[in-house]
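The values are calculated or read from the model by the stated rules, or taken from the named source; none is laboratory data. Note that the structure is a prediction, hence the values are computed from the model and not measured. FYI the Cβ positions are ideal-geometry reconstructions off the backbone, even for glycines, and counts take in every protein chain you see. For the accessible areas, the whole protein counts, side chains as well, though only heavy atoms, and no ligand, DNA or RNA atoms are used. Shrake-Rupley method; radii C 1.70, N 1.55, O 1.52, S 1.80 Å.
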Amino acid sequence: MVSDHRHRLQTVYDERFVRDYGPWRPVVVQVADTCLACGVLDHGFARIRCEACTHESLLAFSCTCRCFCPSGHAKRVAIWTQWLDTTLLAPVPHRQVVLTIPKRLRASCLSRRRLLGAIARVAARTVTAAIGTLTGARDLAVGLVACLQTHGSRANGHPHRHLLVTDGGFRRFVRLERFDEDQAAGMLTWPYSGFHVHTAVWVPEDDRAFATRLARDCARNPVALERLPYDRRATAVTSRSDTSEGPTAGTETADPLEVLARVLVHLPDKGHVTTRYSGW
């Protein structure tokens, strides 16, 4: 799909997609070209030889692109979760915390991506304060690994945070002039504000496999190839959701250009931090 439609997408992007997905960014071309070279022997490989039987094979280099190439992203996440297991995670129980923001704020986050970092810092302070209040130890240090996801189950725009937190241990939008005081005050009176916290997933201290599997899911790629079959002879692409309930459940058929534009919006710019660590 990238090979067939990337150049055409760039020519029609401003006319068709800039309103929904923001301006065309240089990182798109760079990542798309790098992804097309992933796993291709012409672009470099390792020669592997068994010392016992002298059998040889060639292993093509992968691209290790973030948030686009499923193979490259999976390699990055595998190396990262191994580091988490051996170096970072303490031998204590953990809990997953998922923080969701209102739809009204999501478009601002995709057009001004620095806001995502501000939300991460607010999330860390809020979770730390909440655990301190629940335990009665206000000076408690809490370990946090905060992973940014900007996508929903069908690569739709849905910026939110997954936090892996040791189990124990919106005014910023006004200051940045994205909202005025009246708008912020009005949102705080809504019975369902759009802010949501999910904390039901608990990890025992001795279940390291579950902890690292959970971390991989927190840092997952926006695209899963098994749910996005592509037939280059067809004029549409059918994507399958990984959820059985909710507004993004089921399947969706769309123009390949629409699918590419939707996926490419989740590419982080060079230097954009998508995983943050704080606390203990």
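Restricting attention to the range 122-156, which residues are open to solvent by 40 Å² or more (accessible area, probe 1.4 Å) and either hydrophobic (A, V, I, L, M, F, W, C) or in contact with a Leu (Cβ under 6 Å, 6 or more places away or on another chain) (or both)? Listed by number, the residues that qualify are 122, 129, 130, 134, 140, 141. The residue list 224, 215, 236 contains one member that is in contact with a Phe, Trp or Tyr (Cβ under 9 Å, 6 or more places away or on another chain) and closer than 28 Å to residue 25 by Cβ, which is 215. Taking first residues from the range 69-86 that are part of a helix (DSSP H, G or I) and partners that are open to solvent by 100 Å² or more (accessible area, probe 1.4 Å) and among the hydrophobic types (A, V, I, L, M, F, W, C), the Cβ contacts under 8 Å between residues at least 6 apart in sequence or on separate chains come to 70/225.
Hey, does the range 185-198 have a residue that's within 16 Å of residue 96 (Cβ to Cβ), modelled with pLDDT under 85 and either open to solvent by less than 30 Å² (accessible area, probe 1.4 Å) or in contact with a helix residue (DSSP H, G or I) (Cβ under 9 Å, 6 or more places away or on another chain) (or both)?
yes
On the basis of being within 22 Å of residue 218 (Cβ to Cβ), of a type in the set (S, T, N, Q) and loosely packed, with under 13 Cβ neighbours inside 10 Å, does residue 87 make the cut? Judged against the criteria, residue 87 is a match.
For the range 146-159, the criterion of a residue being among the hydrophobic types (A, V, I, L, M, F, W, C) and in a helix (DSSP H, G or I) is satisfied by no position. Filtering the range 22-46 to residues that are under 18 Å from residue 265 (Cβ atoms) and surrounded by fewer than 12 Cβ atoms within 10 Å (Cβ to Cβ) leaves 23, 26. Out of all the residues in the range 60-79, is one or more modelled with pLDDT under 90, open to solvent by 20 Å² or more (accessible area, probe 1.4 Å), more than 21 Å from residue 38 (Cα to Cα) and of a type in the set (Ser, Thr, Tyr)? No, there is no match, as no residue in the range 60-79 is modelled with pLDDT under 90, open to solvent by 20 Å² or more (accessible area, probe 1.4 Å), more than 21 Å from residue 38 (Cα to Cα) and of a type in the set (Ser, Thr, Tyr). The residue of the range 90-115 that is modelled with the lowest pLDDT, among those that are open to solvent by 70 Å² or more (accessible area, probe 1.4 Å) and assigned to a loop (DSSP other than H, G, I, E, B), is 112.
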